[in-house]
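Contents: one structure, followed by commentary.
Only the coordinates and a few stated rules stand behind these numbers; no lab work does. Keep in mind it's a predicted model, so treat the numbers as computed, not measured. Every residue, glycine as well, gets a Cβ built from its backbone with ideal geometry; the counts of neighbours run over all protein chains shown.
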Amino acid sequence: MNQPHKRRARPAGNRPPRGRSGPARPPADDPARQAALDVLHAVRTRAAYANLVLPDMLAQRGISGRDAALATELAYGACRAQGLLDEILAACSDRSLDEIDGSALDGLRLGSYQLLRTRIPEHAAVASTVDLVRTAAGSRIAGFVNAVLRRVAERDEQAWLAKLAPDETADPIGYHALRHAHPRWIARSFAEALGDKGEELAAALAADDARPHVHLTARPGELSADELAAATGGEVAPYAPYGVRLDTGGDPGKLVPVQDRLAIVQDEGSQLCALALTRVELAGADARWLDLCAGPGGKSVLLGALAELAGAELDAVEKAPHRAKLVREACGELPVTVHEVDGTASGLPAGSFDRVLVDAPCTGLGALRRRPEARWRRQPSDVGELTKLQRALLMAAMDLVRPGGVVAYVVCSPHLAETTGVVTDVLRRTGARLLNTRDYFPGVPALGNDSLTAGNSSGHGNSVQLWPHRHGTDAMFCALLERPSA
Ligand SMILES: C[S@@+](CC[C@H](N)C(=O)[O-])C[C@H]1O[C@@H](n2cnc3c(N)ncnc32)[C@H](O)[C@@H]1O
């Protein structure tokens, strides 16, 4: 007769100490959830970017296939939904979230995400998460996580929303913010830019959770969009003449045309904004172009290639040394001179550039779909600091461009303070003219909300606001300003 199997007690020395950040090696039996949990830990404790940490972790741990897909879904999904999960967790716990041990909170987010937003059966979602928390933080904390997750499992997501969301009529922004797991201030900023608090706001918030297509730019003068599409299995992008859209996953950096420097990875919205600057007809000289915020160099490559075709040269300014290096590497043999200086005091000669791009540092609220945790990390207080810098850079650009030359002000954000707020102020201070920017986005529909457009009230032209849910691009803003002739 077989002897009953005796569980060997785990030696105390093997037990991870309380409060440690998680096991160095994933347990062999659940590498996907362990990786997701470790990503949540890195995001919470050291402000890591999930989309940078996870791919490295998967490679180092040799996690691939279905496990890699599950780890990605759980890590990114829990990061995106964090605020919604936290509201639900707060309703299920008698402690406030601030009082909950960090490892427990990571586990609660991971477990509640599985319960509410995946088809993983309840017992598997809870038991697997509790096991991981027990290994990392001990039995007492695991018991707490188990109890809270059991309460979360009493309702599905819709039922929780019905219980917790504000009334749609009385508070439409709060309602859509919670339903689409966005902070209220971001939902409000989208609503203000769209001029809509209802269906379109919901569509804009939903688009932030969709995986973006990868876009490529064919290097002008080297390859056409048709050729690039044929070489990569992608399709020609709808609006940008050098653009290709890829439907497949995988690392686009490994595509042969990208490795051969015949194409770059670049959102179609970025392509359109850089191109708009080059499409304005100028009277007089057109030989010196400037990119005032160039790192890591995507738009410099496109502008540098177009400058070469036009017989012009590009100066590229970047303040951060490592990013200036990236610009140099990206531009290679193109006629681009990189200056590692502050764009607000570059020392470049005033009035000497024909075309200037200011692709200013911004909140990035227009690219939230690319960074799972970004919506919860950004704070409303970031906006004030950034708009000061954006104003200073745009003022510097107005000084560097020659009379009759053109400046493109671009941000990857629809927040009105960063877009029309900055532009309206600089128009007032410089007497510059806002061109009808939409004319330089030919064939692109639904380019903005007329009633909100910078300069409209003073009879100037219109700026452009792109959106993921309308155009499949990042939510890029672009305004073309002409310096009055002397
Ligand atoms: C939105 S990114 C530019 C993206 C770039 N145009 C591209 O397409 O790859 C803004 C850049 O401005 C740089 N920057 C921030 N402050 C600056 C300053 N005062 N002068 C020049 N560059 C600055 C940042 O380091 C960052 O690389």
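Work out how much length residue 342 to residue 163 would gain on full extension: take 0.36 nm times their residue separation and subtract the Cα-Cα distance, in nm to one decimal.
Extra length available between residue 342 and residue 163 comes to 59.4 nm.
Ranked by Cβ crowding within 10 angstrom, fewest neighbours first, how are 254, 163 ordered?
Lowest count first: 254, 163.
Please state the charge dipole magnitude for region 25-152, taken about the Cα centre, from unit charges on C-beta atoms (+1 on K and R, -1 on D and E), reported in debye and rounded to the nearest 20.
So the magnitude is around 140 debye.
Taking the Cα centre as origin and putting +1 on Lys and Arg beta-carbons and -1 on Asp and Glu beta-carbons, what dipole magnitude results for region 355-454, to the nearest 20 debye?
Values: 14 positive and 9 negative charges, 27 e Å.
Roughly 140 debye, rounded to the nearest 20.
Of 336, 309, 404, which is farthest towards the positive pole of the chain's charge dipole, taken about the Cα centre with +1 and -1 on the beta-carbons of Lys, Arg and Asp, Glu respectively?
Towards the positive end, the residue furthest out is 336.
With labels modelled as points extended 7 Å from the Cα through the Cβ direction, what inter-label distance (nm, one decimal) is found for residue 227 paired with residue 140?
6.8
Quick check on the exposure proxy: order 200, 318 from fewest to most C-beta atoms within 10 angstrom. Could you put the intermediate results ahead of the total?
Values: 200 17, 318 26.
Starting with the residue having the fewest Cβ neighbours, the order is 200, 318.
Which Cα, out of 357, 345, 129, lies furthest along the positive dipole direction of the chain (beta carbon charges, K/R +1, D/E -1)?
It is 129, whose Cα lies furthest towards the positive end.
Scan around residue 339 for amide H atoms under 5 Å from its own, H built in the peptide plane at 1.01 Å from N, and keep only partners 5 or more places away or cross-chain.
Under 5 Å from the amide H of residue 339: 316, 317, 318.
With 10 angstrom as the radius, rank 407, 265 by how many other C-beta atoms surround their C-beta, starting from the fewest.
265, 407
Classify region 268-482 as rounded, prolate or oblate, taking a ≥ b ≥ c as the square roots of the eigenvalues of its Cα gyration tensor: rounded when a/c is under 1.5, otherwise prolate if a/b is larger than b/c and oblate if not.
Taking the square roots of the gyration eigenvalues as a ≥ b ≥ c, region 268-482 is rounded.
Say the cut-off is 26 Å between C-alpha atoms; which of 197/388; 254/325; 299/319 go over it?
197/388
As a test of the formula, what do you get for the chain when each DSSP H run with n ≥ 4 contributes -39,500 (n - 2.57) and the sum is divided by the residue count, at 222 nm and rounded to the nearest 500 deg cm²/dmol? Walk me through the intermediate numbers first.
Working: 20 runs with 222 residues, N = 486.
Value at 222 nm, helices only: -14000 deg cm²/dmol.
Long-range amide H contacts for residue 357: which residues qualify at under 5 Å (H placed 1.01 Å from N, peptide plane, sequence gap of 5 or more or a different chain)?
Under 5 Å from the amide H of residue 357: 290, 291, 292, 408.
List the aspartates and glutamates whose alpha-carbon lies under 19 Å from that of residue 163, not counting same-chain residues fewer than 8 positions away?
86, 87, 94, 154, 171
In the chain, what % of DSSP beta bridges are antiparallel (nearest 5)?
In the chain, DSSP labels about 55 percent of beta bridges as antiparallel.
In degrees from 0 to 90, rounded to the nearest 10, what is the angle of the helix 184-194 Cα long axis to the longest principal axis of the chain?
30
Can you work out the Karplus-derived ³J(HN,Hα) for every residue in region 211-219? Use 6.51 cos²θ - 1.76 cosθ + 1.60 with θ = phi - 60°, whole Hz, and x for glycine or proline.
Each residue of region 211-219 in turn: 5, x, 5, 8, 10, 10, 10, 6, 5 Hz.
Pop out the ³J(HN,Hα) list for region 55-61 in order, Karplus 6.51 cos²θ - 1.76 cosθ + 1.60 with θ = phi - 60°, rounded to Hz; leave Gly and Pro as x.
Along region 55-61, the couplings run x, 5, 4, 4, 5, 4, 8 Hz.
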